[in-house]
Amino acid sequence: MTQSLFGPEPTFIPRRIVSGGQTGVDRAALDVAMAMGLRHGGWCPAGRLAEDGKVPPLYEMQETKSSEYPGRTERNVADSDATIILYEGKLKGGTLLTRRICKRLHKPCLSLAIDRKPVDEARRWLSQERPETLNVAGPRESTCPGIFHRSMDFLLRSLANEGS
């Protein structure tokens, strides 16, 4: 993080955070956006499909025509200025698909193993890319128990306008 005469520069904060609405990282991102007073949303599968039934109505999501997950993943990447992928362990499944779609669409993407990477890396990347709309992706809760809370904490610290 760069320093000014008055301490660390504030982190760039996107105007809008989007995700696919799935449990885990996706919902953490939406909850962080709402807690910070940011606009939120994104694309979710038809029927608001999620592993716990339906994406709750408090999230301002748009439904794709298909109930398949890859379509909403592609729409969220395409409609965003940049994507941050939060994960633990190894990238796999839909999380890996997100990174592949970012590469194919030539969209900025940062993949962070939140159990190994510092918040400062996310803060530097956000300040460099300055995405107005940030897509946040990562594993669902059932494949990575506890990822919702760990991602929420990581995102709140990454977007805070103070030292970490």
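The values are calculated or read from the model by the stated rules, or taken from the named source; none is laboratory data. On a predicted model such as this, the values are computed, not experimentally measured, just so you know. Neighbour counts run over all protein chains shown; Cβ positions are idealised from the backbone, glycine included. Side chains included, ligands, DNA and RNA excluded: accessible areas come from the protein's heavy atoms. Shrake-Rupley method; radii C 1.70, N 1.55, O 1.52, S 1.80 Å.
Against the numbered list (1) at pLDDT below 95; (2) under 23 Å from Ile114 (Cα atoms), Glu51 comes up short only at (1). Residues that are touching an Asp or Glu at 6+ places or on another chain (Cβ under 6 Å) and among the charged types (D, E, K, R) within the stretch 131-146 comprise Glu132, Arg140, listed in sequence order. Screening the stretch 77-101 for residues that are modelled with pLDDT of 95 or more and either on the phi > 0 side of the Ramachandran plot or of a type in the set (Gly, Ala, Ser) (or both) and picking the one that is surrounded by the fewest Cβ atoms within 10 Å (Cβ to Cβ) gives Ala78. Taken over the stretch 106-164, residues that are basic (Lys, Arg) and open to solvent by less than 50 Å² (accessible area, probe 1.4 Å) amount to 1.
Scanning the stretch 123-136 finds no residues that are among the charged types (D, E, K, R) and more than 21 Å from Leu156 (Cβ to Cβ). Residues that are over 22 Å from Cys102 (Cα atoms) and either at pLDDT 95 or above or in contact with a Ser or Thr (Cβ under 9 Å, 6 or more places away or on another chain) (or both) do occur in the stretch 19-33.
Considering Thr133, Thr83, the condition of being closer than 21 Å to Arg27 by Cβ and without any contact (Cβ under 8 Å) to a residue 60 or more places away in the chain is satisfied by Thr83 alone. Take the residues in the stretch 56-78 that are hydrophobic (A, V, I, L, M, F, W, C) and within 16 Å of the chain's Cα centre (by Cα); name whichever of them is farthest from Ser151 (Cα to Cα). Applying the filter and picking the extreme gives Ala78. Of all residues in the stretch 140-164 being closer than 12 Å to Ala122 by Cβ and touching a Lys or Arg at 6+ places or on another chain (Cβ under 7 Å), which is modelled with the highest pLDDT? Checking each candidate, the answer is Ser158.
Scan the stretch 83-91 and tell me whether some residue there is polar (S, T, N, Q), touching a helix residue (DSSP H, G or I) at 6+ places or on another chain (Cβ under 9 Å) and outside any loop (DSSP other than H, G, I, E, B). Scanning the stretch 83-91 turns up at least one residue that is polar (S, T, N, Q), touching a helix residue (DSSP H, G or I) at 6+ places or on another chain (Cβ under 9 Å) and outside any loop (DSSP other than H, G, I, E, B). When Glu74 is tested against (1) assigned to a loop (DSSP other than H, G, I, E, B); (2) among the charged types (D, E, K, R); (3) open to solvent by 60 Å² or more (accessible area, probe 1.4 Å), just one condition goes unmet, and that condition is (1).
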